[in-house]
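Data first, discussion second: the structure below is written as structure tokens.
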Amino acid sequence: INAGLSISLPFIKPLGLGVAGIALAFSIAGIVNAIALFIALHKKIGALDSDHKVFASTSRLIAASIIMGIVVHYGLYLFDPLVNSLSVIGLFIQTMGSIALGGITYFFFAWVFRCEEVSFVLDKIRRK
């Protein structure tokens, strides 16, 4: 299924996405593949998450990731007037600044959403 979608989706002409269509096709194929594998695993061994703890945690992490992606995207525009984006070092500083902003945003929102993984990482940092 994954290979079929990855190969066929970029060639859908009405979308006219070009190279972006290839990335979209791989993303859609990956999501479909993950759902199909989850269904197959559910049929084979039964309920994996009867109390929906994994689903809730994953949903919070996805929400934090979406917010992070938006911040990283607009962070590039934030740093653009501050550096010379026509030079390699300027692009590097712009990219690193945006990535740093995104990382801070991700951990902040993961903490706000009370994701267990962030508490685990913070506990490890505090112990050292």
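The values are calculated or read from the model by the stated rules, or taken from the named source; none is laboratory data. No experiment lies behind these values; they were computed from the predicted model shown. Note: ideal-geometry Cβ built from the backbone for every residue, glycine included; neighbour counts use all protein chains shown. SASA here: full protein model, heavy atoms, side chains in, ligands and nucleic acids out. Shrake-Rupley method; radii C 1.70, N 1.55, O 1.52, S 1.80 Å.
What the table below lists for this structure:
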| read-out | value |
| --- | --- |
| Residue tally, condition in a helix (DSSP H, G or I) and hydroxyl-bearing (Ser, Thr, Tyr), over the stretch 73-86 | 2 |
| Only listed residue being outside any loop (DSSP other than H, G, I, E, B) and within 30 Å of residue 4 (Cα to Cα), chosen from 125, 70, 39, 89 | 39 |
| Filtered residue count, the stretch 96-122, keeping only those that are within 17 Å of the chain's Cα centre (by Cα) and assigned to a helix (DSSP H, G or I) | 16 |
| Check on residue 63, part of a helix (DSSP H, G or I) and either under 18 Å from residue 118 (Cβ atoms) or open to solvent by 70 Å² or more (accessible area, probe 1.4 Å) (or both) | yes |
| Residue within the stretch 82-94 that is open to solvent by less than 60 Å² (accessible area, probe 1.4 Å), at pLDDT 90 or above, polar (S, T, N, Q) and closer than 30 Å to residue 57 by Cβ present | no |
